[in-house]
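Read the figures in this text as sums done on the coordinates, not as results from a lab. Just so we're clear, the structure is a prediction, and the values are computed from it rather than from any experiment. Cβ: placed from backbone, ideal geometry, glycine included. Neighbour counts: every protein chain shown.
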Amino acid sequence: AKADGLAYHRTDSHWNPRGGWFGYEAIARTLKPWFPSWRPLERAQVRFREGDRPGGDLARMIDLRERYHGPEVVADLPQRCARAELNGWVPPKGVNAKAFACPGGKDAGPKVVFAHDSYGLAVMPYLAQSASRLVSTEFGGFDRELIEREAVDFIDATPSRTSSRLVDRPLRTA
């Protein structure tokens with residue numbers, strides 16, 4: 001990964017889009033055996049380009065956000081995913097929830113709930129591209145009602161910055 005460039009922002013504690021790509025690759029490797037006909041997003045479909053950005057959370061903490069600019073990595077993806085409804089689910093207070101649907105219909109990939117902290121924000125665009133439906137819950141963890149309402153194929157929970165716990169499928173009950 002290091003040969004491909006930085007996976008994080010120089011003045012921020014979070015992954016940049018390149019770092020998010022590495023996280024996505026790990027998730028895709030886990031999903032592929034469960035969904036053999038699924039075609040995950042491939043690296044050749046993503047173009048990374050460099051830009052400039054104000055300092056991130058580390059620079060902001062010392063009140064130097066505007067003084068310390070750093071390289072911004074931007075990922076150009078093959079398609080734009082549309083925001084979707086949360087199917088009537090109301091997130092608990094403090095939970096930032098979003099749903100995405102990309103062109104391709106139900107055969108495009110599994111339905112995924114991605115429970116994550118702020119590091120997962122860099123992974124989310126890639127998951128949205130390759131899932132038939134993605135529901136992202138930032139700082140929310142698992143919500144039984146959401147899981148049942150979405151009838152998901154796969155759940156990924158990223159409870160901390162350095163670990164990921166995957167819940168095996170099937171998740172639906174008769």
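Data for the structure
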| quantity | calculated |
| --- | --- |
| Contour minus Cα-Cα distance for Lys32 and Ser118 (0.36 nm per residue) | 28.4 nm |
| Cα centroid separation, the stretch 57-101 to the stretch 1-31 (Å) | 15 |
| Neighbour cut-off at most 15 other Cβ (10 Å), DSSP loop, GluC sites (Glu not before Pro), the stretch 49-78 | Glu66 |
| Rounded to whole Hz, the Karplus (6.51, -1.76, 1.60) HN-Hα couplings of the stretch 37-43, x for glycine and proline | 7, 6, 10, x, 4, 10, 4 |
| Segment Asp63-Val90, extension gain: residue separation times 0.36 nm, minus the distance between their alpha carbons | 6.2 nm |
| Label zone at Asp4 (point 7 Å along Cα-to-Cβ), backbone N below 19 Å, the stretch 44-63 | 44-51 |
